[in-house]
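Colleague: Questions regarding the structure given below will be posed in turn.
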Amino acid sequence: MSAPSTPALRRALGKWDLTAIGINQVIGSAIFLLPADVARLVGSWSPLLFLAIGLSSLFVALCFAEVGSRFDTTGGPIGPARVAFGRFTGFEVGWMLWFSRVSSGASVINGLAVALGYYWPTISTGMPRAAVILSVLGVLTWVNVRGIRQSSWLVNASSLGKLLPLAVFVLVGVFFADLSRVAPSEPAPVANLGTAALLLIFAYGGYEVTGVPAGEAANPKKDVPFAFIATILTVSAVMTLTAAVTAGLLPDVGASKTPVADASALVMGVFGGLLVSVGSAISMTGNNMGQLLSGSRSVFALAEQGDLPAVFGRVHPVYRTPHVAIWFTSIVLVVLALTGSFVFLAAVSAVARLVVYMSACGATLRLRSASMASRVAAAEFVAPGGPIVPIVAIAITSSILVSATTQQLLAGGAALAAGAVLFAIATRGARTAA
């Protein structure tokens, strides 16, 4: 009698499911605050800078789209980095990708407790706060384990739940906005442009996870490129229009602590403020769903390639999800959220994102070379302009490193070093077992 086959991940995601995952990770709570933060730095140039950084992010997304069109496995940028630059680089990319997901997720879930505390102050501290965090993450983990289809439904619903309030705000607010405030009325504040641009580069981040669940996509080589481009175009439009309408409604955007909520309340009263608050809560909950989904798949991909213990690569025999990787990611996220350790780990996100972005941009050029032809599938999608797109993308991502603080560099270096130790232990154990 033949042995039962090992269960595999279920390929159930379409191009719009992948797009929703990308949108869900980019549009979080930040969009509800950023118009004020950026306006304080660059004044009336804020909406144009939102648009410029969104279009700049498209260069990086095109690199992710091209390398993603060569692979149909779970892990997103892990596979291209591994083939282009070796096993160790692939591991570090996956490690930093996972690291950024859990630290970001812990930050967002704490933000949700604070946001709910505005209406129910008792749940923002102590045991009630812990109960909120455990309850929300418990439900999200359960959905993640139950199946990729169920996870996709929740991600799709949360994406609509966060986009609809913003769409209502834009469509109603534009009729009351003073659009003369949207056009720049003073010379560009050159001294602050770099700081504001860096803030927006991070705000637009998150789309790098779009291709991570490619192993659960029905047609990943075609759908992943579509999802990357659709994600960036969508979030660029939403964020730019939100910033523009907010600027048109509030005489002094930079003076507001909650600009979108204040602008919404100005034209729609109490309903407008409540609409934005609900949208913000849905946005943060959905963002955590995406953090669990993409973070767990990064762990699964590394285990699948033999770079982490095989237990993390187990697939549930009934639900066909990487249940061990999901529970592991969820537990780490809970610990970080409850202990507050994410405050320090957030400094890692700058270098973590740089590692992932640079690897994808560099792999775009490397995998095009003739020497790689026998080692990787042909690209289903090729970024236009020859080497121009990846070179510009490398320049854009390098700006993150130039602007990183000493704390960010040290924290990022420590995370990379920890990954190197983990890699050495895991691969040595594999060699010993062999």
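The values are calculated or read from the model by the stated rules, or taken from the named source; none is laboratory data. From a predicted model like this one, the values you see are computed outputs, not experimental measurements. When we count neighbours, we look across all protein chains shown, and the Cβ atoms used for this are built from the backbone with ideal geometry, even at glycine. Keep in mind that these areas ignore ligands, DNA and RNA; they rest on the heavy atoms of the full protein, side chains included. Shrake-Rupley method; radii C 1.70, N 1.55, O 1.52, S 1.80 Å.
Colleague: Based on Cβ point charges of +1 for Lys and Arg and -1 for Asp and Glu, what charge dipole magnitude is obtained for the stretch 282-409 about its Cα centre, in debye rounded to the nearest 20?
Modeller: Numbers: 7 positive and 3 negative charges, 27 e Å.
Dipole size: approximately 140 debye.
Colleague: Between V190 and A377, what is the spin-label point distance in nm, taking each point 7 Å from the Cα along the Cα→C-beta axis?
Modeller: 4.9 nm
Colleague: Within the P(r) computed for the stretch 3-56, what percentage of the Cα pairs occupies the region above 13 Å?
Modeller: Values: 1048 of 1431 pairs.
When every Cα pair of the stretch 3-56 is considered, 73 percent fall beyond 13 Å.
Colleague: Taking the Cα centre of the stretch 194-307 as the origin and placing charges on Cβ (Lys, Arg +1; Asp, Glu -1), which of V238, L302, V209 is farthest toward the positive end of the dipole?
Modeller: With unit charges placed on the Cβ atoms, the residue in question is V238.
Colleague: Moving on. In the Gaussian network model of the chain, springs joining C-alpha atoms below 10 Å, which of G111, G126, G14 carries the largest mean-square fluctuation?
Modeller: G126
Colleague: On the full set of protein chains, 1.4 Å probe, figure out the accessible area of V392 and give it in Å² to the nearest 10.
Modeller: 50 Å²
Colleague: Search the structure for amide H atoms under 5 Å from the amide H of L13, placed 1.01 Å from N in the peptide plane, and list their residues when 5 or more places away or on another chain.
Modeller: Hits under the 5 Å cutoff: A217, A218.
Colleague: Could you sort E92, E186 by their accessible area in this structure, using a 1.4 Å probe and putting the largest first? Let's see the in-between values first.
Modeller: Details: E92 15, E186 70 Å².
The ordering from most to least exposed comes out as E186, E92.
Colleague: What are the lysines whose alpha-carbon lies under 28 Å from the alpha-carbon of K222, with same-chain residues fewer than 8 places away excluded?
Modeller: K15, K162
Colleague: With a Förster radius of 35 Å, plug the Cβ-Cβ distance of I388 and N219 into 1/(1 + (r/R0)^6) and report the FRET value to the nearest 0.05. All intermediate terms of the calculation are to be shown ahead of the outcome.
Modeller: Details: r = 28 Å, r/R0 = 0.80.
So the FRET efficiency works out to roughly 0.80.
Colleague: Under a Cβ-Cβ cut-off of 15 Å, what is the net charge of the residues other than G362 that fall near it, where Lys and Arg count +1 and Asp and Glu count -1?
Modeller: Details: positive: R70, R82, R353, R366, R368; negative: E66, E92, E208.
Summing Lys and Arg as +1 and Asp and Glu as -1 gives +2.
Colleague: Enter the accessible area of K222 (Å², nearest 10), with the probe set to 1.4 Å and all protein chains included.
Modeller: Its accessible surface works out to 120 Å², give or take rounding.
Colleague: Please list, in order along the stretch 359-364, the HN-Hα scalar couplings obtained from phi with the Karplus expression 6.51 cos²θ - 1.76 cosθ + 1.60 (θ = phi - 60°), rounded to whole Hz, x for Gly and Pro.
Modeller: So the Karplus estimates, Gly and Pro as x, are 5, 5, 5, x, 5, 4 Hz.
Colleague: Taking the Cβ of A39 as the center, what net charge do the other residues with Cβ under 13 Å away carry, scoring Lys and Arg +1 and Asp and Glu -1?
Modeller: Working: positive: R40, R181, K257; negative: D37, E186, D252, D262.
Net of charged neighbours comes to -1.
Colleague: If I stretch the segment between V174 and V402 completely, what's the gain in nm (0.36 nm per residue apart, minus their alpha carbon distance), one decimal?
Modeller: 78.3 nm
Colleague: So, one more: Quick check: net charge around A247, other residues with Cβ under 14 Å of its Cβ, Lys/Arg +1 and Asp/Glu -1?
Modeller: -3
Colleague: Turning to a different aspect of this structure: Please give the calculated 222 nm ellipticity per residue for the chain, where each DSSP H segment of at least 4 residues contributes -39500 (n - 2.57) and the sum is spread over every residue; nearest 500 deg cm²/dmol?
Modeller: -24000 deg cm²/dmol
Colleague: In debye to the nearest 20, how big a dipole does the chain give about its Cα centre with +1 on each Lys and Arg Cβ and -1 on each Asp and Glu Cβ?
Modeller: Details: 25 positive and 15 negative charges, 232 e Å.
For this selection, approximately 1120 debye.
Colleague: First measure r as the distance between the Cβ atoms of T427 and A255, then evaluate 1/(1 + (r/R0)^6) with R0 = 51 Å and state the FRET efficiency to the nearest 0.05.
Modeller: Numbers: r = 54 Å, r/R0 = 1.07.
E(calc), rounded to 0.05, equals 0.40.
Colleague: Cross-link partners among aspartates and glutamates for K257, C-alpha distance below 20 Å, same-chain residues fewer than 8 apart left out?
Modeller: Once the sequence-local aspartates and glutamates are set aside, what remains near K257 is D37.
Colleague: Further, regarding this structure: Quick check for me: using +1 on Lys/Arg Cβ and -1 on Asp/Glu Cβ, what's the dipole size of the stretch 58-148 about its Cα centre, in debye to the nearest 20?
Modeller: Numbers: 6 positive and 3 negative charges, 30 e Å.
Using only the charged Cβ atoms, the result is roughly 140 debye.
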